[in-house]
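These notes are about the structure you will find just below.
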Amino acid sequence: MSQNTLKVHDLNEDAEFDENGVEAFDEKALSEEEPSDNDLAEEELLSQGATQRVLDATQLYLGEIGYSPLLTAEEEVYFARRALRGDVASRRRMIES
């Protein structure tokens, strides 16, 4: 049966809706409506808030990594070898640097 074919039951429902003052609407027309200025402003504020949170997290991360000095190439090899042998302090030093 095609989608355009109406059933008697569908017609009865439509008549019942009309009797009770319920108006039919087109879902496609609702989804294609232009967003209002208020909707656009709200969406922009939400977007700015998300951007601000990302920037804050990035700034926190960059601030944290700046507290510990970087290892030189020689130190990295030294601590890596010790960490492989089970030295927990050397492993921690590599992680934190």
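The values are calculated or read from the model by the stated rules, or taken from the named source; none is laboratory data. Computed from a predicted model, the values in this text were never measured in an experiment. Backbone-built Cβ (ideal geometry, glycine too); neighbour counts: all protein chains shown.
For the reader, a short list of remarks on this structure follows.
- Taken together, the residues in region 82-97 that are out of contact with any helix residue (DSSP H, G or I) (no Cβ under 8 Å at 6 or more places or on another chain) and basic (Lys, Arg) amount to 2.
- Selected residue [at pLDDT below 70, surrounded by 10 or more Cβ atoms within 10 Å (Cβ to Cβ) and of a type in the set (Gly, Ala, Ser)] from SER31, SER68, SER2, SER47: SER47
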